[in-house]
Amino acid sequence: MYPKGLQRRNVLRMAAQGFGAVALESMLQRELGAKPRSNPLAAKAPHFPAKAKSVIFLFMVGAPGQMDTFDPKPGLARYAGKPLPESFGKISSQFTSGDTPILPSPWEFKRYGQSGLPVSSLYPHLSKCVDDICFVRNFYTESVVHAPAMYQVQSGRILMGYPSMGSWVTYGLGSESENLPAYVVMPQPEGTPEGGTPMWSSGFLPAIHQGTTLRGGPNPVLNLKLPEGMTPQRQRRTLDFLQKMNDLDTEETDTEMAARISSYELAFRMQSRPRRWISQRNPMRRASFMGWIKSLRKSLERAACSHGVWWNAGCVSCSYSLVEARSASSGTLTKT
Amino acid sequence: MCGLTDQPIAALLQDLKSRGLLDSTLVIWGSEFGRLPMSQSGNGRDHNPHGFTMWFAGGGVKGGQAIGDTDDFGLYGVGDRYHMRDFHSTILHALGLDQHKLWYLHNGRHEKLTDFGGKVIEKVFA
């Protein structure tokens, strides 16, 4: 019934293999035609000459009071225990409605440096640096609630989901360093701030621009250490294979995937040169704020050649704590 | 906690300076808002977004100055008050970025960090 060589079984086999061949050809073509991935964090020229190459944002989570730190208000002592003058109108905040008495600052202010700028007794060391500091005393935000106000400071909007400053900056400038994250977030030793990860989100910008969290302890980046038995060479081969597979099946518009691949590659470079970004003998000493700041400075020093590096350092420094410090003598603790 | 941050932040500024890094590093200190002049629960203070201090040091900053003021009670900012848009545009400016040129097309809109724009606080810089 069938001509010789065209048996039913052979037709099926050839057809099946034929489909395989078509698929193989397509895959080979895609591989041959696959463009090398461009570095989404390649350094870009600024719009005009920059004054600064890196930024360290010491974000004092929780809000220290201006009249207790850098903005002395002697008027408070004169009105101590009295209500706010009626001319101010009705003041409502998150927990109070303006009918509580004026509270003078318990901290003494003195003038420091050649500039003679006032600093409270909370900062005996920082007060020596005033000649390097420019205070801006009349910033305002639009929310009396911590998290939305944090989002506004970090991303310009009181809602979460918008790109944070560090994301915008790495989007605008890229990074000259290939072996370090361009945008680093170091949460305070006690944990992440109330606003959480949306504070260093890339929002609708490509995901590569989100902040990289460095945790305290011996593993600042989770899963960065090679598992036992895995050599760098084997890790490289695995990543190369993974990269090939990803190249075959990744849409260029898939920024989540691009960010993930870029993270793998950056992690590999950080594994290869751990001392370039943090000393193995001196892991992130974050049990104390001093250790935390030392780690920050050390990392920055290692990244000194980088352009557009953004360090977002969140730390606790709030009225709650201020009250806590004061409560040692007064015996009460107010949590706000 | 303010006390705990005192020595480390002072050390950071001094270290950056002694290593010649402060000139190229913009250090910013600030929070999400300030505190009210009135009391809360006796000896605390409630949240005050109407006027509060943030500071800059390093990269291009003219140190040893205080810009702007709050009223006699530290409640409201007076004169030229600065919104977070102004804060952001000032930082972008220090990094050589024009707030209006730094945009990303999202849902058909040219999205920017400062939305419709902030004013760069020129006085911050030397």
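FYI, it's all coordinate maths here, none of it is from the lab. The shown structure was predicted, so the numbers you read here are calculated from the model rather than taken from an experiment. Don't worry about glycine lacking a Cβ; one is built from the backbone with ideal geometry, like all the others, and counts go over all protein chains shown.
Residues in region A:38-85 that are without any contact (Cβ under 8 Å) to a residue 12 or more places away in the chain, loosely packed, with under 13 Cβ neighbours inside 10 Å and not in a loop (DSSP other than H, G, I, E, B): A:R78 only.
Note on region A:86-142: residues that are in a loop (DSSP other than H, G, I, E, B), without any contact (Cβ under 8 Å) to a residue 60 or more places away in the chain, surrounded by fewer than 17 Cβ atoms within 10 Å (Cβ to Cβ) and more than 7 Å from chain B (Cβ to nearest Cβ) total 8.
Within region A:190-209, residues that are among the aromatic types (F, W, Y) reach partners that are in a helix (DSSP H, G or I) with beta carbons closer than 8 Å, at six or more positions or on different chains, in the pairs A:W200/A:Q154; A:W200/A:G166; A:W200/A:S167. Among the residues of region B:35-51, are any surrounded by fewer than 24 Cβ atoms within 10 Å (Cβ to Cβ) and more than 7 Å from chain A (Cβ to nearest Cβ)? Within region B:35-51, none of the residues are surrounded by fewer than 24 Cβ atoms within 10 Å (Cβ to Cβ) and more than 7 Å from chain A (Cβ to nearest Cβ). Scanning region A:71-98 for residues that are in contact with a Lys or Arg (Cβ under 9 Å, 6 or more places away or on another chain) and either among the aliphatic types (A, V, I, L, M) or more than 14 Å from B:N48 (Cβ to Cβ) (or both) yields nothing.
For region A:180-200, the candidate set comprises residues that are among the hydroxyl-bearing types (S, T, Y) and surrounded by fewer than 24 Cβ atoms within 10 Å (Cβ to Cβ); within that set, the residue that is nearest to the chain's Cα centre (by Cα) is A:T197.
Per-residue answers, yes or no, for (1) in contact with a Phe, Trp or Tyr (Cβ under 7 Å, 6 or more places away or on another chain); (2) in contact (Cβ under 8 Å) with a residue 24 or more places away in the chain; (3) of a type in the set (F, W, Y):
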| residue | (1), (2), (3) |
| --- | --- |
| B:L22 | no, yes, no |
| B:E32 | no, no, no |
| B:D46 | yes, no, no |
| B:A57 | no, yes, no |
| B:Q65 | no, yes, no |
| B:D69 | no, no, no |
| B:H88 | no, yes, no |
| B:Q99 | no, no, no |
| B:R109 | no, no, no |
